[in-house]
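Here's the structure, in C-alpha cells; my notes come after.
What follows is calculated from the coordinates using simple rules that are stated; it is not laboratory data. Computed from a predicted model, the values in this text were never measured in an experiment.
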Amino acid sequence: MGRRCLFSKIFVLFLILFCLLSCAKEEHLKQSPNLTKAEEAHLLNLRSLLATSKEFYTELSIRDKEIRICHSGVTLKSYPYKKAEIETRHFFFLPIDENFKWTNKIFANGKLFPERIINRIRIIPGDETTRPTPDQPGIVPPTMEEIIGVPPQYELLFKEGFSIKFNLVGKIPGKVIEKSKEHSFFNDLLTGSGFKKGPKLRVKVEMDANTGAQFFRSAPENTKLLILP
C-alpha cells in the first residue's frame, strides 16, 4: 500500500513537472529592430501586392498596437489592443519550431474559430405582419450585434501554422456565444507541447470586449494577413 502511495506521488510530481516544462512559452511581443534596406524593400513589395489584389486584407502593426482591415492600401478600420504576447511550442525547455519565420511574410486563408454564424431573419412576401402600416411599422432590420454572436475567446487561424488568439476583456455587446472547449487550459497544454496539432506560433492579443467583438463581426472571409514590425 505504501509503495502504491509513493508511486502515485512520484507520478503526480512528474506530471506537474512535465506540464511546467512543456507548456508553450510566452514573451511580450516587441517591435522588431530597424529593418535593413533589403527587408524594407521586401516589406514594401508585400504591401504593394496586397494593395493591388482588389481584396480586403488584414494587417497587424506591432509598433502601433493595432489590427487593421484594409483594402487597396487604405486602412478602413483599426482595432487597438491592450497587450500582445508571442507563444511558441516547447517540449522540456526545447523549442519545437524555433526556425519558424513569421515577420515580413503574408499569411493566407485566415479563418475565424469558432466560425462566425449569422442568424438571419425571414421575411415572407405577402405576410401582412411584415408590411409597414400607418399604425405599426414593419420589421426593423436587426443590427450586427443581434445576429452575430461573439465568444469571449476566438482565433484567426492560418494554414501556414500561425494564429492570432483574441481574449476579450469586459462585457461583450450584443449576442454572446460560449467559449470553445478548444480554448481550454488542457487543450493549450497538449498543443503547446506538440502532442496535439496546432499553430507553430501564436500571437495572444488582449482586447477590449467592444473592440474585439467589432473585429469578430467584421473580419474578412479567408483573409490575408501581413505583420508589420
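List, in the order given, every pair from K171/K204; K54/K175; K82/K200 whose Cα-Cα distance in the structure shown is over 29 Å.
Values: K171/K204 19 Å; K54/K175 32 Å; K82/K200 23 Å.
Pairs exceeding the cut-off: K54/K175.
Long-range amide H contacts for I177: which residues qualify at under 5 Å (H placed 1.01 Å from N, peptide plane, sequence gap of 5 or more or a different chain)?
Correct list: V150.
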